[in-house]
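Novice: Once you've had a glance at the structure underneath, I'll fire off some questions.
The values are calculated or read from the model by the stated rules, or taken from the named source; none is laboratory data. The model shown is predicted, which means the values in this text are computed figures rather than measured ones. Cβ sites come from the backbone with ideal geometry, for glycine too, and all protein chains shown count toward neighbours.
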Amino acid sequence: MNMSTRQLRAFMALAAERNFTRAAAACHLSQPAFSALIRQIEESLEVRLFERSTRRVELSAEGEEFERSARRVLAEFDAAVAGMRERAARERGRVSIALLPSLAADWLPQVLAGFRAEYPGIELEVADVLSEPCIERVRSGRADFALAATRADTPELRAEPFCSDDFHLVCPADHPLAKQRELRPRDLAPWPFIHLSRTSSVRQYIDAATHPQPLPSVLEVEQLATVAGMVRAGLGVSVVPALTLYQFRSPELAVRAIRWPGLTRRIYLVRRRDRGLSAAAQGFYDWVMARRPPGGLRARKAAASR
């Protein structure tokens, strides 16, 4: 016996309305066509589902039992259809993300490659910029969401924790600090220090952790690759987040974990409060949230391997 969802919906309409005229109208059918549909169902099941009278239609005992099953079947069918429509919507569209360069260079490529293999029809745009430009892109609508080191909770923006990031000393492999057991801010103070610019979240975290005695700056640069080159040349030492350690993979450099109060960088996912994500953007959001960097754990492993 084959029964269509059209027939099941007609049955559910009559069970709800208890009136053939109203149920037929709800199904956009003429009353004779609707009555024929109900008759087909009862004949197929070989059971009477409704008790009819001149004033009212009521479910029979068998009809009440069938209603429970029909409701469950239709709910599962509707969920399956909705799921496939959502899947189809995620197979096309456009997504724009803004994120810190430290995430864009090392963590994002594999995440992006996996998403692109799964959803090749979605166009992706990536802006690898500092925290403030990240947030501005979300605010202006140029990015669907951002990964930034600023908790931008405002009336128009909301931020949710994404991951955390430990900090590490980087110095030449033969530097005295490379063998010191515990590193405190005063241990670094005598040595020339390579700073990132004051606009970077890394610099702001380091300055806050060493306040009121900032580390002496011999050079101030914009890019982590430049920091790595300067440290490799012996011009100074630096402190960088774990998510940037890919820049410092070199036998010429030593990497040491630092545990100073307050020196943990928090990364937040920032999006607009007043605007929902498109199906494509929601798909990428879910993909990204399921593949967040392990943060401190990866940092400690990276440091231990050096």
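Novice: May I ask you to say which residue of R186, R181, R198 is more than 30 Å from R271 (Cα to Cα), assigned by TED's automatic domain parsing to the domain that holds L235 and assigned to a loop (DSSP other than H, G, I, E, B)?
Specialist: Values: R186 fails: assigned to a loop (DSSP other than H, G, I, E, B); R198 fails: more than 30 Å from R271 (Cα to Cα).
The conditions single out R181.
Novice: Here's a check for you: in segment 1-50, which residue that is free of Cβ contacts under 8 Å to residues at least 12 places away in the same chain and among the basic types (K, R) is surrounded by the most Cβ atoms within 10 Å (Cβ to Cβ)?
Specialist: So, considering only residues that are free of Cβ contacts under 8 Å to residues at least 12 places away in the same chain and among the basic types (K, R), the one surrounded by the most Cβ atoms within 10 Å (Cβ to Cβ) is R22.
Novice: Just checking, which of D153, D207 is in the same structural domain as C134 (by TED's automatic domain parsing) and under 36 Å from the mean Cα position of the chain (by Cα)?
Specialist: D153
Novice: Turning to a different aspect of this structure: Can you tell me which residues in segment 97-141 are of a type in the set (S, T, N, Q) and under 23 Å from S164 (Cα atoms)? Explain how you work it out, then say what you get.
Specialist: We begin by selecting, within segment 97-141, every residue of a type in the set (S, T, N, Q); these are 102, 110, 131, 140.
Selection gives S102, Q110, S131.
Novice: Let me ask another. Among the residues of segment 52-84, which ones are of a type in the set (G, A, S) and either surrounded by 12 or more Cβ atoms within 10 Å (Cβ to Cβ) or over 40 Å from the mean Cα position of the chain (by Cα) (or both)?
Specialist: First, pick out the residues of segment 52-84 that are of a type in the set (G, A, S): 53, 60-61, 63, 69-70, 75, 79-80, 82-83.
If the condition is that a residue be of a type in the set (G, A, S) and either surrounded by 12 or more Cβ atoms within 10 Å (Cβ to Cβ) or over 40 Å from the mean Cα position of the chain (by Cα) (or both), then S53, S60, A61, G63, A70 are the ones that fit.
Novice: Turning to a different aspect of this structure: Hand me the list of strands (runs of 3 or more DSSP E) wholly inside segment 228-294 holding 2 or more residues that are within 12 Å of the chain's Cα centre (by Cα). Reasoning before the result, please.
Specialist: Details: elements: 238-241, 253-258, 265-272.
Filter on segment 228-294 gives 265-272.
Novice: With the requirement that a residue be hydrophobic (A, V, I, L, M, F, W, C) and more than 15 Å from L263 (Cβ to Cβ), what does segment 191-205 give you?
Specialist: First pass over segment 191-205, keeping only residues hydrophobic (A, V, I, L, M, F, W, C): 191, 193-194, 196, 202.
Result: W191, I194.
Novice: If you don't mind, there's one more thing I want to ask. Every residue in segment 14-39 that is in contact with an Asp or Glu (Cβ under 7 Å, 6 or more places away or on another chain) and in a helix (DSSP H, G or I), please.
Specialist: Applying the first criterion (in contact with an Asp or Glu (Cβ under 7 Å, 6 or more places away or on another chain)) to segment 14-39 yields 15, 18, 23, 26.
Answer for segment 14-39, where residues must be in contact with an Asp or Glu (Cβ under 7 Å, 6 or more places away or on another chain) and in a helix (DSSP H, G or I): A15, A23, A26.
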